[in-house]
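Chemist: What follows is a single structure, and I will ask about it in a moment.
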């Protein structure tokens, strides 16, 4: 019985040591593979950021998402675009020229509201490049 009290901690120690060595070896192999992948010049920006995160554990500062005004304009654009489509269909069904024109006008305005935030962002990018 005494031999079991002596051998059990030794056995547990050997098992834990082997487990920790295997994990360390697997981790170093993953890091080596990630380092080789980072050396590849054909990697796109998103993949490069993901690999860097896996190596370092810290993310690059995230760009701010669309502001409140941009979100409002996108929402207004989607609503008016689909409302315009619906009004245009109703105008075509009723053969009412005024309703059809109102639907087309709503579609054009909705498209404008949808594309305005993207156009502003593209303009900012081009100004930054100059």
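Chemist: Please find, among 69, 55, the residue that is assigned to a helix (DSSP H, G or I), at pLDDT 70 or above and closer than 24 Å to residue 115 by Cβ.
Modeler: Testing whether each residue is assigned to a helix (DSSP H, G or I), at pLDDT 70 or above and closer than 24 Å to residue 115 by Cβ leaves just 69.
Chemist: Do you know which of the residues in region 30-46 that are in contact (Cβ under 8 Å) with a residue 12 or more places away in the chain and within 22 Å of the chain's Cα centre (by Cα) is farthest from residue 56 (Cα to Cα)?
Modeler: That would be 37.
Chemist: Given (1) at pLDDT 90 or above; (2) in contact with a helix residue (DSSP H, G or I) (Cβ under 6 Å, 6 or more places away or on another chain), identify the lone condition not met by residue 117.
Modeler: (1)
The values are calculated or read from the model by the stated rules, or taken from the named source; none is laboratory data. Computed from a prediction, not measured in an experiment: that's the story for all the values here. Because the Cβ atoms are built from the backbone with ideal geometry, glycine has one as well, and the counts that use them run over all protein chains shown.
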